[in-house]
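Single-structure report; data block below.
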Amino acid sequence: MDIYSGPVFEMARTQFHRIADHLEIQGGERDRLLYPKRAIAVACPVNRDDGRLTVFQGFRVQHHLTLGPTKGGTRFAPSVDIGEVAALAVWMSWKCALAGLPYGGAKGGVTVDPYTLSRRELEALSRRYMQEMIPFVGPHTDVMAPDMGTNEQVMAWFMDTYSMYQGKTVTEIVTGKPVATGGTLGRREATGRGVAYLVERAMERLDRPMAGATAIVQGFGNVGAIAAAALAARGVRVLGVSDHTACYFDARGLDVPGLLRHAETVGRLAGYSNELIFDPAQLLAQPCDILVPAAVERVIDAAMAARLQCRVLAEAANGPTTPDADEVLQTRPDIFVIPDILCNAGGVIVSYFEWVQDLQQLFWDEVEVNDRLYRVLQKAFVAVLERAARDGVTHRTAAMAIGVTKVRDAKRTRGLFP
Ligand code: NAD
């Protein structure tokens, strides 16, 4: 299984072996649990606006099919390679199992900087990627969703492309679609909303009020912007935010609605202010109650973990904390970690609701979506805290142990074919 390499897959592998040690899982069974069932690589040729032809490389990794179809986002980013995609698929498996969803994990992506594409080029790439994946996906095989660099519009193009080839509309092939094309109310906000909900639960445990607490949010896309808005709506003062174009900090608190309006209008944070510009390398280490990394992997390494001055670390991104940093955090009981597979699970939970609604063609109102979301998150949150207390382990180990055990039990019970 040498095809899975690179720092992100190494991180998923190291984390998994720590859990496997904890659960005393031996040799072959470890490999069976860790290595993805399928990996697909495709070439996506696209005619560019300037007349050139560019071939983009795309991937999809389906980790396991033991509990049902696989489920996972599609990332358009320059960093995308088979190892990164595989790591994200593995994390999705533990996340779905922790939340009790009937899915294995998957992830896909294209190695491209989506910010350099015109809208027409983005549509062409999205459609070609989905067309190349048609033999390998399906509403009961593998269901895609958005991730970094993709959004509701891309999901609508995916759904339309798949449907054209089937000769009928198949809304349940992707989640995270616009509501007008079979999406669910509350999906776009689900991940960020779930982050804020879990932060509130963590603050309750710490006996700290949300109103007047301070937060810093790294990443101002779908997850970060909505998490910032949901925290601000609970009375939290957001001191710092950043995206890949700018970083702002104000010890008195930033105007979150103003930042949202700016980002919505121009598509990035750059250009919002000259006075509030801050060094992005220092952002995560600023004192605050709630720190929300909501951008890319591996932003908190061992050195950064030692410098953190937050009370709650809410991992909204996938894999923001390296295994080395985990070792440091283990020695810092002053930091309450909400591990990624719990913290950002709101997205896949409401994706699951969207899939269920599409299959039944029976749609819920937003109150029902959110109530169900919070119930699932609450149950997973309590399970993680209880397991951590029972076994004397970190929240991450507890969360992953619950997820891995569910997949392991299902594999054992189903047996090994043939
Ligand atoms: P997005 O593309 O909507 O936004 C990503 C944001 O991160 C952008 O604001 C971008 O400018 C910023 N960014 C990129 N590199 C950065 C850097 N080096 N420093 C600071 N900011 C940077 O993506 P998203 O959907 O919000 O996803 C963000 C993270 O959340 C990813 O790790 C993703 O896997 C995870 N996630 C997303 C969902 C979802 O529902 N969208 C669900 C679960 C987890």
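The values are calculated or read from the model by the stated rules, or taken from the named source; none is laboratory data. These figures come from a predicted structure and were not determined experimentally. Positions of Cβ are generated from backbone atoms using ideal geometry, with glycine treated the same way; all protein chains shown enter the neighbour counts. Protein only, heavy atoms only, side chains kept; ligands, DNA and RNA dropped before computing areas. Shrake-Rupley method; radii C 1.70, N 1.55, O 1.52, S 1.80 Å.
What the table below lists for this structure:
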| quantity | calculated |
| --- | --- |
| Helices (runs of 4 or more DSSP H) wholly inside the stretch 316-390 that include at least 3 residues being touching a residue at least 12 places away in the same chain (Cβ under 8 Å) and within 17 Å of Met92 (Cβ to Cβ) | 340-343, 346-360 |
| Residue ID - nearest to the ligand (Cβ to nearest atom), chosen from residues in the stretch 327-364 that are touching a Ser or Thr at 6+ places or on another chain (Cβ under 7 Å) and among the charged types (D, E, K, R) | Glu354 |
| Scan of the stretch 31-60 for residues that are surrounded by 18 or more Cβ atoms within 10 Å (Cβ to Cβ), free of Cβ contacts under 8 Å to residues at least 60 places away in the same chain and farther than 17 Å from Val154 by Cβ, ordered by number | Leu34, Pro36, Ala39 |
| Residue ID - nearest to Asp142 (Cα to Cα), chosen from residues in the stretch 96-115 that are assigned to a helix (DSSP H, G or I) and touching a Phe, Trp or Tyr at 6+ places or on another chain (Cβ under 9 Å) | Cys96 |
| Residue satisfying all of: in the stretch 310-326; closer than 19 Å to Ala228 by Cβ and away from the ligand (no atom under 16 Å from the Cβ); surrounded by the most Cβ atoms within 10 Å (Cβ to Cβ) among these | Val312 |
| Asp279 vs. criteria surrounded by fewer than 17 Cβ atoms within 10 Å (Cβ to Cβ), under 20 Å from the mean Cα position of the chain (by Cα) and either within 14 Å of the ligand (Cβ to nearest atom) or not hydroxyl-bearing (Ser, Thr, Tyr) (or both) | no |
| Among (1) over 24 Å from the mean Cα position of the chain (by Cα); (2) of a type outside the set (Gly, Ala, Ser); (3) more than 14 Å from the ligand (Cβ to nearest atom); (4) within 14 Å of Val217 (Cα to Cα), the one test that Phe249 misses | (3) |
| Matching entry among Thr184, Thr214, Thr191 (being surrounded by 20 or more Cβ atoms within 10 Å (Cβ to Cβ), more than 16 Å from the ligand (Cβ to nearest atom) and in contact (Cβ under 8 Å) with a residue 40 or more places away in the chain) | Thr214 |
| Close pairs from the stretch 61-76: first within 13 Å of Lys406 (Cα to Cα), partner open to solvent by less than 10 Å² (accessible area, probe 1.4 Å) and among the β-branched types (Val, Ile, Thr), Cβ under 8 Å, at least 6 apart | His64/Thr70; His64/Val407; Thr66/Val407; Leu67/Val407 |
| Criterion violated by Trp157 - all others in (1) under 18 Å from the mean Cα position of the chain (by Cα); (2) in a helix (DSSP H, G or I) satisfied | (1) |
| Selection from the stretch 130-154 of residues that are open to solvent by less than 30 Å² (accessible area, probe 1.4 Å) and either assigned to a helix (DSSP H, G or I) or over 22 Å from Ala317 (Cβ atoms) (or both) | Met130, Met133, Val137, Gly138, Pro139, Asp142, Val154 |
| Yes/no for Ala232 being open to solvent by less than 40 Å² (accessible area, probe 1.4 Å), of a type in the set (Gly, Ala, Ser) and under 27 Å from Glu204 (Cβ atoms) | yes |
| The stretch 235-252: number of residues that are under 20 Å from Met203 (Cβ atoms) and surrounded by fewer than 21 Cβ atoms within 10 Å (Cβ to Cβ) | 2 |
| Test: residue in the stretch 66-76 that is charged (D, E, K, R) and over 20 Å from Val137 (Cα atoms) | no |
| Residue match in the stretch 253-266 (condition: surrounded by 18 or more Cβ atoms within 10 Å (Cβ to Cβ), more than 30 Å from Val174 (Cα to Cα) and more than 12 Å from the ligand (Cβ to nearest atom)) | yes |
| Yes/no for Arg127 being of a type in the set (D, E, K, R), more than 24 Å from Arg268 (Cβ to Cβ), more than 13 Å from the ligand (Cβ to nearest atom) and assigned to a helix (DSSP H, G or I) | yes |
